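What follows is a single structure, written as structure tokens, with notes after it.
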Amino acid sequence: MKKVLFICTGNTCRSPMAEALLKEYKKEISVKSAGLLAFAGGPANDQALQVLQEKGIQFQHESQQLNAELVEWADVILTMTEQHKLHVEADFPHATNKVHTLKQFVNEAGSPDVVDPFGGTVEIYRSTLVELKALVDKLIEKLD
């Protein structure tokens with residue numbers, strides 16, 4: 001079973017949304033998420049959960065900090081931004097071959113970053129979810 005780890009900053013918005021989408025649409029893949037500056041055990045952002053629920057996705061989440069155990073567990077580590085990727089590579093240089101931005105991994109043109117919706121309106125979260133759903137769909141195709 002392929003093991004995918006999504007990384008963002010606080011592990012409350014983007015990476016949990018990507019995790020929830022991949023778990024919902026590709027049950028044969030083991031998925032986790034973490035944050036570079038996460039507060040361990042915190043909930044997902046209320047608006048992130050709301051927009052997932054609007055799509056019929058129920059998701060339980062506790063934020064966690066990226067650590068060596070998670071890096072070792074993952075077959076592929078997908079970050080939400082180029083800065084996240086550089087940070088992971090600096091902290092875990094032995095894992096650079098499996099660290100990519102999500103957009104680069106699925107060959108998405110343009111900016112390598114998924115913009116952080118944190119602090120934005122529910123509409124911004126909906127927009128982020130639409131973007132992540134398209135990227136996760138491409139990810140599923142690539143992993144198949």
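Any read-out appearing in this document is the output of simple, stated calculations on the displayed coordinates, not a laboratory observation. Not measured: the values here are computed from a predicted model. All Cβ positions, even for glycine, are placed from backbone atoms using ideal geometry, and neighbour counts span all protein chains on display.
Rounded to the nearest 20 debye, what is the charge dipole size of the stretch 1-84 about its Cα centre when +1 sits on each Lys and Arg Cβ and -1 on each Asp and Glu Cβ?
Result for the stretch 1-84 is approximately 200 debye, rounded to the nearest 20.
For n ≥ 4 DSSP H runs only, could you compute -39500 (n - 2.57) per run for the chain, divide by its residues and tell me the 222 nm figure to the nearest 500?
-13000 deg cm²/dmol
I need to check one value: relative contact order of the chain, counting alpha carbon pairs closer than 8 Å and at least 6 residues apart, in percent.
26
Taking the Cβ of Asp144 as the centre, find all other residues whose Cβ is under 15 Å away and add up their charges (Lys, Arg: +1; Asp, Glu: -1).
Charge balance near Asp144 sits at +1.
Apply 1/(1 + (r/R0)^6) to the Cβ-Cβ distance of Thr121 and His94, taking R0 = 30 Å, and write down the FRET efficiency to the nearest 0.05.
Computed FRET efficiency for Thr121 and His94: 0.15.
Would you please give the FRET efficiency between Asp75 and Tyr25, computed as 1/(1 + (r/R0)^6) with r the Cβ-Cβ distance and R0 = 25 Å, to the nearest 0.05?
Calculated value: 0.90.
Modelling each spin label as a point 7 Å along the Cα-to-Cβ direction, I'd like the Leu86/Gln60 distance in nm, to one decimal.
So the two model labels end up 3.9 nm from each other.
How much net charge surrounds Leu36 when only other residues with a Cβ under 15 Å from its Cβ are counted (Lys, Arg +1; Asp, Glu -1)?
Spelling it out: positives minus negatives among the neighbours equals -2.
Using a Gaussian network model of the chain whose springs link C-alpha atoms within less than 10 Å, name the residue from Pro16, Pro117, Pro93 with the highest mean-square fluctuation.
Its mean-square fluctuation being the largest, the pick is Pro93.
Order by neighbour count: Phe105, Phe6, fewest other Cβ atoms within 10 Å first, most last.
So the ranking, lowest neighbour count to highest, is Phe105, Phe6.
Among Thr96, Thr128, Thr81, which one shows the biggest mean-square fluctuation in a GNM of the chain, springs joining Cα atoms closer than 10 Å?
Greatest mean-square fluctuation among the candidates belongs to Thr96.
Report, ordered by chain and residue number, the aspartates and glutamates lying within cross-link reach of Lys3, taken as a straight Cα distance under 12 Å and ignoring same-chain residues fewer than 8 apart.
Hits, sequence-local ones excluded: Glu19, Glu28, Glu72, Asp75.
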